[in-house]
1. Any idea what the dipole of segment 125-194 comes to, in debye rounded to 20, about its Cα centre with Lys/Arg Cβ at +1 and Asp/Glu Cβ at -1?
2. Which of rounded, prolate, oblate describes the chain, given a ≥ b ≥ c as roots of the alpha-carbon gyration tensor eigenvalues and a/c under 1.5 marking rounded, otherwise prolate only if a/b is larger than b/c?
3. Stretched out fully, how many nm does the piece from Leu193 to Ala148 gain, at 0.36 nm a residue minus the Cα gap?
4. Whole-Hz ³J(HN,Hα) for each residue in segment 183-194, computed from phi via Karplus 6.51 cos²θ - 1.76 cosθ + 1.60 with θ = phi - 60°, x for glycine and proline: what do you get?
5. For the chain, give the magnitude of the charge dipole about the Cα centre (Cβ charges: +1 Lys/Arg, -1 Asp/Glu; no others), in debye to the nearest 20.
6. Given the Cα-Cα distance of Glu98 and Thr4 and 0.36 nm per residue of separation, how much length would full extension add, in nm?
7. Give the separation of the Cα centroids, segment 1-68 to segment 160-174, in Å.
8. In terms of modelled amide H atoms, which long-range or inter-chain residues lie less than 5 Å from the amide H of Thr136?
Amino acid sequence: MQYTDMQLDALRELANIGSGNAGTALSGMLGRTVDISVPNALVLPLADAVESAGPPESSVTGVVLTVSGSMDAIVLLLFPPADADRLCGMLGLEPGSEVAASALNEIGNILGTSYINALAAMSGLVLEPSPPQQITDMLAAIVSTVLAAGAGHSDFALILDSELKVEGDNCSLSFLLVPSPGGVEQLLSGLGLA
């Protein structure tokens, strides 16, 4: 799986715009400024892709949205436990409660959908997100499951990742977009870079 620098830059810019939309949505929900890191565009063997997400044994809450339509992909939002609790606290919810878990799912849904809608608008593709699913497990378990599903028959995965940080709080979440191998070509084609 080889992509030119121009193609990777275009994918990075798509991720940047998607993250920007998600950051604006999160900022509106929390009433605080959200800073977004410059996204990475990585093409990695599956095993390396799992390691790139962070410490494999760390516990995280993930919200997963599968994407169908013109391309298949998976959007994964990763919340470290302390950051998930802080987000819930900012919303006035008791961390660990059923309502807080539901709120994290809804945050994931709103952010993931904002991200996907930005990609659709930029690429001209029809992208339909599924309802979100929430998983709490070790990071390696969540990421390897998502990557295996997204990679299909490929031994490589394209990962577009960004980090959103809430101003005034040491609170962040990570965004991973894992398009299926054919999905990458669909995105690039939508941008005129196939």
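1. Result for segment 125-194 is approximately 100 debye, rounded to the nearest 20.
2. Numbers: a/c = 1.81, a/b = 1.45, b/c = 1.25.
Judged from the Cα gyration tensor, the chain comes out prolate (a/c at least 1.5, a/b above b/c).
3. 13.6 nm
4. Each residue's phi maps through the Karplus curve to give x, 4, 5, 4, 4, 5, 5, x, 9, x, 10, 5 Hz.
5. Working: 4 positive and 21 negative charges, 65 e Å.
Here the chain has a charge dipole of around 320 debye.
6. Between Glu98 and Thr4, full extension yields an extra 29.3 nm.
7. After rounding, the separation between the Cα centres reads 11 Å.
8. Answer set, sorted by chain and number: Gly62.
Laboratory data are not the source of any read-out in this text; all were calculated from the coordinates shown. Predicted, not measured: the structure shown is a model, and the values here were computed from it. Cβ: placed from backbone, ideal geometry, glycine included. Neighbour counts: every protein chain shown.
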